[in-house]
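> After the C-alpha cells below, expect a handful of questions from me.
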Amino acid sequence: MVEKTESGLPRPVAIAWGTYVQPQNGPRRGLSHQRIVEQAIAIADAEGIGAVTMARVAKELGFTTMSLYRYVLNKDELLLLMIGSESLLPARAEPDADSGWRSELSAWADLLRGMYRDHLWMLDVPRGPTSVLTPASMYVADWGMHALRELELSAGEQISVILALSSYVASFAGLERDLAGQEDLELGADAIAELGRVATVDRLPYLAPLLLSGGYVGGEPGPSGADDVGVDDDYRLGLDLLLDGLEVRWRRRGLSTD
C-alpha cells in the first residue's frame, strides 16, 4: 500500500513534485530525494532494474542503507520516484504551428519511444494510479493532449487515445529490447523443407507459402536494395495504422481533422 501525506496525496507523488516536507532528523547534508533517485536511475540505465537496491544506491552515494530509509520508505517507493522523475524526459522541440495533429502526435510517440530506448528498465516497472500522477507521466500526457487539441475531443477521449498509443509504443519498445542482441536466424533450404513438412499449406494455408519462400523468418538475406521491412518500418506501419483509425473515427463524427 502506498503511504499518503496528511492531505491524502500519495507520498511518492508529493516527493516527486517537491511538496513533501522532509523531517528534520535526516542524515548530514548531501543526501536528498533527488540525489537518491538520480543515482538509482544511473544504476538502472547501466545494469538494469535488478541491480537497483537500497543498499546499492546507498553505497554508491557513500551513505548507510539506513540513511536512505529516512528519505525513501522502500524499493517500491524508489521505483515510483524513478519512473516519475523529470530527469527522464527527453528534450522537446516545439512543433511547427502548421504541422497538423497527425505529425505532432507521431512526433510525440517517437519522443516516448526514445525515452524507453534510453531507459529500458522503465518497461519492467509496473504502472498504476499513483505513477500517472508523477511529473514524467503527467508531462508526457500533457504533451500528447497538446498534439490532440485540433481534434476537438473530450478530455476523457484524449486520455484514452494517449493510453492506446503509449501502450503501443511501450509494447514495441519491449519487442525491440527482446530482439536486441539476438543472433540472426538463417535457415537453409533443407531446414525450411523440414519445417515445411509439418507447417503445411493444409494446416497454415496463408502463412506456409511465405515460410516456404523464406520470407517469414530465417530466410537468406535479400539482395541489396530489396524491399526488406525492418523493425523501424514495422513500428512506423503500426503507428500509422493507429493514426489512420483515429482519423477515420473522428471524421465520421463530422469533425475536421486536417
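Quick note: the coordinates plus some simple rules give every number you see, no bench work behind them. Note that the structure is a prediction, hence the values are computed from the model and not measured. Cβ coordinates were reconstructed from backbone atoms using ideal geometry, including for glycine residues, and neighbour counts include every protein chain displayed.
> Under the condition of being of a type in the set (S, T, N, Q) and under 15 Å from L81 (Cα atoms), which residue from the stretch 28-68 is farthest from the chain's Cα centre (by Cα)?
This residue is S32.
> Out of everything in the stretch 36-70 that is charged (D, E, K, R) and within 18 Å of Y116 (Cβ to Cβ), what residue ends up being surrounded by the fewest Cβ atoms within 10 Å (Cβ to Cβ)?
In this case the residue turns out to be E47.
> Could I ask something else about it? Which of the following residues is in a loop (DSSP other than H, G, I, E, B), surrounded by 11 or more Cβ atoms within 10 Å (Cβ to Cβ) and within 21 Å of the chain's Cα centre (by Cα): R117, R177, R113, R127?
Of the residues listed, the single one that is in a loop (DSSP other than H, G, I, E, B), surrounded by 11 or more Cβ atoms within 10 Å (Cβ to Cβ) and within 21 Å of the chain's Cα centre (by Cα) is R127.
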